[in-house]
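Notes follow the structure.
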Amino acid sequence: MNSELKGKLGYWDLTVQKKLYSFDLRKFQDALRLNLVLSKEIDFFNSKWNKSFYGVYRDRVWNGSIGESEIYTGYGSKLEKSNSWEVDGIQKTEQISMGLGKFKGESLNTKNLVDNYKGSIFYSLDQKFPIIVKKAKDKFIDNSFRYIFEPVKQGIYLDTKLEGFFSFYENGNHQKFIGFGAGPEFTFGKFKKKYFDYTRIRLFPFYRLKSGESVFKFDQVSDKFTLNISLDQQLYGPILLKTDSTINLDSNSDDYADFINSKISLSWQRRSYELGLFYQPHNQSGGISFTLHGFE
C-alpha cells in the first residue's frame with residue numbers, strides 16, 4: 001500500500017510518502033518505507049531557491065549496473081534551484097543542488113551497513129537545439145485534439161547535457177565526475193489520425209569522466225558510458241506505446257551491452273488525462289500510472 005500526505009506546516013510545505021509492502025504485523029519494521037520532506041522557497045543570491053529538510057527510512061534506490069541498494073536511514077538538508085528558459089528557439093534547463101546529510105546504508109564493497117556523513121554539489125545544463133522544425137498550423141485547440149492537449153512540436157532536434165558532481169564523506173572518501181552527452185531527437189505526426197500518426201525517437205549517449213569512490217552502494221557513480229533509447233509510438237486511436245531504456249557501453253564493465261534501466265508502457269491517452277500500464281524489466285516491477293494534462 002502506497003500513501004502520500006501533503007500539507008502546510010507554518011510557512012513550510014510538508015510531504016510524507018509511505019510504502020507498506022506487507023500487512024503482516026510481525027514484518028512491519030522491515031516492510032515499511034518512509035520519506036518525509038519539509039520545504040519552502042527562499043531568496044538566495046537574488047534568485048529563488050528551494051530549501052528542504054528530509055528524513056528517510058528504508059528507501060530503495062536503483063543505481064544502474066550496480067543494481068538495487070537500500071538506504072536504511074538518512075536525514076539532512078538540501079538547497080536546490082531549477083530554471084528553464086528559451087533563447088533563439090533553444091530550450092535550456094539548469095539545475096543546481098547542494099546538500100549535507102547523514103546516512104546509514106549498504107557499503108559499496110560489502111553487505112555491511114555503514115554510517116557516514118555526506119556532502120554533495122551537483123550542476124546540470126540541458127539544451128534542446130532545433131535543427132529542422134515544422135511549424136504547427138493549428139493555432140487553436142478544437143475538437144480534432146482528442147488525444148493531446150497541445151499541438152505536437154514536429155521536427156529534428158539535437159539534445160545536449162552537461163553535468164558536474166562532487167561528493168565528500170566523513171571518513172575522507174570523495175568522488176567526482178564531469179559528464180557530457182549529445183544526441184538526436186525525431187518527432188513526427190500530429191497525433192490526430194486513427195493510427196501511426198505520432199512517433200518520437202530519441203538516442204542519447206552520455207559519457208562520464210570520474211574519479212574517487214563512495215562509501216555507499218546507493219550513490220556510487222558506476223556507469224561511465226551509457227546510451228539512452230526512447231521511443232513513443234501511437235498504435236491506434238488513443239493507444240500509445242512508450243519504451244525507455246539505458247544500455248551500458250562501458251567495455252570495462254561486467255555489464256557491458258546490458259540494459260541497466262528499462263521501462264515499457266502502454267497508455268490510453270486523451271486530451272485531459274493519460275492512463276497506462278507499465279513494466280520495468282531491469283528490476284521486474286510494474287504498475288498503473290495516471291496523469292492529468294494541462295495543469296501548471
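Quick note: the coordinates plus some simple rules give every number you see, no bench work behind them. Keep in mind it's a predicted model, so treat the numbers as computed, not measured. When we count neighbours, we look across all protein chains shown, and the Cβ atoms used for this are built from the backbone with ideal geometry, even at glycine.
Over the C-alpha atoms of segment 151-296, the Rg to Rh ratio, Rh being the Kirkwood estimate, stands at 1.05.
Among Phe180, Phe145, Phe103, the largest mean-square fluctuation in a Gaussian network model of the chain (Cα springs under 10 Å) belongs to Phe145.
Cα centroids of segment 166-230 and segment 45-69: how far apart, whole angstrom? Using only Cα atoms, the two centres lie 17 Å from each other.
Mean separation of Cα pairs under 8 Å and 6 or more residues apart, divided by the residue count, gives segment 76-292 a relative contact order of 13 percent.
For the chain, adding -39500 (n - 2.57) for each run of n ≥ 4 DSSP H residues and dividing by the number of residues yields 0 deg cm²/dmol at 222 nm. Near Leu100: Cβ cut-off under 12 Å, other residues only, Lys/Arg at +1 and Asp/Glu at -1. The net charge is +2. A Gaussian network model of the chain, with springs between Cα atoms under 10 Å, assigns the largest mean-square fluctuation among Gln154, Gln17, Gln220 to Gln17.
Remark: spin-label model distance Leu227-Asn252 equals 2.1 nm, labels positioned 7 Å along the Cα→Cβ axis.
Once you've got the Cα coordinates, tell me which of Lys81/Lys118; Lys102/Lys224; Lys48/Lys78; Lys78/Lys111; Lys19/Lys210 are over 25 Å apart. Violating the 25 Å Cα-Cα cut-off are Lys102/Lys224; Lys78/Lys111; Lys19/Lys210.
Computed over neighbours whose Cβ is under 9 Å from that of Ile201, the net charge equals 0, Lys and Arg +1, Asp and Glu -1.
On full extension, the segment bounded by Lys134 and Glu86 gains 15.5 nm, given 0.36 nm per residue less the C-alpha separation. For Lys18, neighbours were defined as the other residues whose beta-carbon sits under 10 Å from its Cβ, and their charges (Lys and Arg +1, Asp and Glu -1) total +1.
For segment 79-192, the equivalent ellipsoid derived from the alpha-carbon gyration tensor has semi-axes of 42, 17, 14 Å in decreasing order.
Between Lys210, Lys40, Lys51, the GNM of the chain built on Cα springs shorter than 10 angstrom shows Lys40 fluctuating the most. Counting only residues at least eight positions apart within a chain, or on another chain, the aspartates and glutamates with an alpha carbon under 14 Å from that of Lys135 are Glu150.
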